[in-house]
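Peer 1: Shown below is the structure under consideration.
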């Protein structure tokens with residue numbers, strides 16, 4: 001089983017940090033900080049396969065799970081992210097069980113799915129050295145789908161029940177926009193929707209979330225969310241730079 005999903009099943013809250021700077025240098029710094037997982041963003045950050053690969057290599061020596069958010073839930077991007085070595089994927093904008101099944105299929109080799117086969121040139125298989133990879137990849141790879149729209153909320157039980165979906169992740173920013181509260185994920189309607197989502201599926205499947213503040217992170221952990229992003233590399237750098245200047249300049 002995928003070690004990250006195994007850790008989630010131990011019911012210990014796993015803390016993560018979003019990686020959007022697209023730099024192996026900062027990724028390594030964050031990997032040394034003791035987080036359980038780092039999220040490498042291919043949807044909104046300026047990442048390419050080459051920058052993602054460099055970051056994977058930079059964090060490899062550390063006991064942290066590298067999770068990649070693909071740009072979209074389509075087979076080509078999923079195949080490429082898996083081939084370079086990510087084993088846990090976060091897929092944005094999954095609004096239905098049908099879409100979730102298609103995403104899972106894109107992570108599985110035939111006959112279990114539609115993932116293209118490239119064993120000898122794949123970093124994930126040790127460039128062909130791992131002779132069991134093709135037969136065991138479906139056991140090692142895990143799919144986390146993002147719930148970030150009104151449609152996804154309506155279908156959340158069906159999405160959670162899709163075979164191969166290992167966990168759900170709620171994206172407050174897009175969810176807020178979908179519910180008519182663009183830029184206000186703390187709006188009571190949005191927070192009520194988030195609480196309702198966890199209540200409906202949180203006892204049957206691990207659910208994660210992007211916390212919007214330190215206080216929000218503590219509240220979501222207390223509420224039972226299994227994995228929580230507590231910030232971003234950009235936020236840490238920006239806040240630290242501002243605090244340092246303010247401390248000296250007064």
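Yes or no, residue by residue, for (1) modelled with pLDDT under 95; (2) touching a strand residue (DSSP E or B) at 6+ places or on another chain (Cβ under 6 Å):
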residue: 167; (1), (2): no, yes
residue: 200; (1), (2): no, no
residue: 240; (1), (2): no, no
residue: 250; (1), (2): yes, no
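Peer 1: Go through (1) modelled with pLDDT under 95; (2) surrounded by fewer than 17 Cβ atoms within 10 Å (Cβ to Cβ) for residue 8 and report which single condition fails.
Peer 2: Here residue 8 clears every test but (2).
Peer 1: List every residue pair whose Cβ atoms sit under 6 Å apart, with the two residues 6 or more apart in sequence or on different chains, where the first one lies in the range 19-32 and is at positive phi and buried (at least 18 other Cβ atoms within 10 Å of the Cβ) and the second, anywhere, is modelled with pLDDT of 95 or more and assigned to a helix (DSSP H, G or I).
Peer 2: 22/51
Peer 1: Among the listed residues 197, 152, identify the single one that is more than 17 Å from the chain's Cα centre (by Cα), crowded, with 16+ Cβ neighbours inside 10 Å and assigned to a helix (DSSP H, G or I).
Peer 2: Residue meeting the stated conditions: 197.
Peer 1: Within 27 Å of residue 49 (Cβ to Cβ), within 20 Å of the chain's Cα centre (by Cα) and buried (at least 18 other Cβ atoms within 10 Å of the Cβ): is that true of residue 143 in this structure?
Peer 2: Yes.
Peer 1: Hey, another quick one. Here's a check for you: in the range 87-102, which residue that is crowded, with 19+ Cβ neighbours inside 10 Å and in contact with a helix residue (DSSP H, G or I) (Cβ under 7 Å, 6 or more places away or on another chain) is farthest from residue 37 (Cα to Cα)?
Peer 2: By that ranking, first place goes to 95.
Peer 1: Of all the residues that make up the range 134-159, how many are under 15 Å from residue 104 (Cβ atoms) and in contact with a strand residue (DSSP E or B) (Cβ under 6 Å, 6 or more places away or on another chain)?
Peer 2: Matching residues across the range 134-159 total 5.
Peer 1: Answer yes or no as to whether residue 219 is under 24 Å from residue 13 (Cα atoms) and assigned to a helix (DSSP H, G or I).
Peer 2: yes
Peer 1: If you don't mind, another one. Would you confirm whether or not the range 203-212 contains a residue that is under 18 Å from the mean Cα position of the chain (by Cα) and without any contact (Cβ under 8 Å) to a residue 24 or more places away in the chain? Spell out the reasoning first.
Peer 2: Step one: filter the range 203-212 for residues under 18 Å from the mean Cα position of the chain (by Cα), giving 205-212.
If we keep only those that are without any contact (Cβ under 8 Å) to a residue 24 or more places away in the chain as well, we get 211.
Yes, that holds for at least one residue.
Peer 1: Being touching a residue at least 24 places away in the same chain (Cβ under 8 Å) and farther than 30 Å from residue 1 by Cβ narrows it down to one residue among 248, 234; which is it?
Peer 2: Working: 248 fails: touching a residue at least 24 places away in the same chain (Cβ under 8 Å).
Result of the check over 248, 234: 234.
Peer 1: How many of the residues in the range 61-83 are surrounded by 16 or more Cβ atoms within 10 Å (Cβ to Cβ) and at pLDDT below 95?
Peer 2: Start the filter on the range 61-83 by keeping residues that are surrounded by 16 or more Cβ atoms within 10 Å (Cβ to Cβ), which leaves 62, 64-71, 73, 75, 77-83.
Those still in the list that are at pLDDT below 95 too: 73.
Counting residues in the range 61-83 that are surrounded by 16 or more Cβ atoms within 10 Å (Cβ to Cβ) and at pLDDT below 95 gives 1.
Peer 1: For the range 114-128, enumerate the residues that are surrounded by fewer than 19 Cβ atoms within 10 Å (Cβ to Cβ), in contact with a helix residue (DSSP H, G or I) (Cβ under 9 Å, 6 or more places away or on another chain) and in a loop (DSSP other than H, G, I, E, B).
Peer 2: Within the range 114-128, the subset surrounded by fewer than 19 Cβ atoms within 10 Å (Cβ to Cβ) is 114, 116-121, 123, 126-128.
Applying the additional criterion that residues be in contact with a helix residue (DSSP H, G or I) (Cβ under 9 Å, 6 or more places away or on another chain) yields 114, 116-119, 121, 123, 126.
Across the range 114-128, the qualifying residues are 114, 116, 117, 118, 119, 121, 126.
The values are calculated or read from the model by the stated rules, or taken from the named source; none is laboratory data. The shown structure was predicted, so the numbers you read here are calculated from the model rather than taken from an experiment. Cβ atoms come from the backbone with ideal geometry, glycine included; neighbour counts cover every protein chain shown.
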